Amino acid sequence: MFGRDRVELKTPEQVLLMRRAGLVVADALAAARAAAVPGATTADLDAVAARVIADAGAQPSFLGYHDYPATICVSVNDEVVHGIPSARVLRPGDVVSIDCGAIVEGWHGDSALTVVLPEADPADVQLSAVTERAMWDGIAALASGAGLADRLGVVGEAVEQAVEAAAADGGPQLGIVQDYVGHGIGSAMHQPPDVLNYRTRERGIRLKPGMCLAIEPMITRGDPATDVLDDDWTVVTGDGSRAAHWEHSVALHEGGIWVLTAVDGGAAELAARGVAVAPLA
Ligand code: MF3
Ligand code: CO
């Protein structure tokens, strides 16, 4: 069922199927993250994630999406998103963003994380930490008291504030990628609405129970402008600066918000922000 602004509104039963997909994604990402060590190839990570998804009896959402050739995206260093797994060998200090989606009974989960390999540049660790914090701040902003925030624009507001706060702390000036955004998710991986990671003059659509949203800030250590490589997929920073990407799929329902792709439903990170997570089961 679709609401007036063409956003698919899920029933609680459908959200529970998305939770199953979300937990498969969480498992696949944990396995891929554990496999991300110097000497491994990005294709090794893809194989590990593919195995977890298959063993769970789920399907990968990325494979075949607009002819995308793999189960996950692995984006290294100046690659922002949509890096294609390959024979590329990971090296000490690499910034590795891993993005994964899975389908259970037609319902999707989508999540991403960034890991900085040992011998890390502290500035890269900081980049990933700020990006993760900005994601959680954006997710927490969807909740208000015992219910939902009013408008979608709270996400971009919170993400931008988190990045500004990091800089104000004497941290580095980071860039928020604007060329790619978060999205609605449900019976397809990418649905309306777009979820911007920056402030705008508009407050955005009204948040409603049944909406499911993928919140996914992409942050750079330099200018946030991007290019696409000749493979027509890999998104890189225009200035060669390193980038991080964190993402979770979140359900909005009558009782509040539930982070479908986090094993704890988001309980720990949301509690730290004064938000009680509201699982459906
Ligand atoms: N998961 C990405 C996103 O967060 C999309 C991946 S594109 C694909 O929206 F082609 F790799 F599937
Ligand atoms: Co996504």
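Quick notes
- For segment 22-75, the normalised intensity computed at q = 0.18, 0.29 Å⁻¹ comes to -0.53, -1.19 (log10 of I(q)/I(0), Debye sum over alpha carbons, equal scatterers, no solvent).
- Computed [θ] at 222 nm, deg cm²/dmol, the chain (DSSP H ≥ 4; -39,500 (n - 2.57); rounded to nearest 500): -9000 deg cm²/dmol
- Cα-based shape type of segment 41-141, given that a ≥ b ≥ c are square roots of the gyration tensor eigenvalues and the cut on a/c is 1.5: oblate
- Residue order for Phe2, Phe62 - accessible surface, 1.4 angstrom probe, largest first: Phe2, Phe62
- Our note on the geometry: Cα centres of segment 86-100 and segment 1-70, 18 Å apart.
- Rolling a 1.4 Å probe over the protein heavy atoms leaves Met1 with an accessible area of roughly 150 Å².
- Convex hull of segment 166-250 built on C-alpha atoms - directionally averaged projected area, nm²: 7.3
- Max mean-square fluctuation residue, GNM over the chain, Cα-Cα springs under 10 Å, options Ala34, Ala162, Ala214: Ala34
- Centre separation in Å (Cα based) which lies between segment 172-213 and segment 240-281: 14
- Global form of segment 12-271, assessed from the alpha-carbon gyration tensor, a/c cut-off 1.5: oblate
The values are calculated or read from the model by the stated rules, or taken from the named source; none is laboratory data. Source: prediction; values computed, not measured. Protein only, heavy atoms only, side chains kept; ligands, DNA and RNA dropped before computing areas. Shrake-Rupley method; radii C 1.70, N 1.55, O 1.52, S 1.80 Å.
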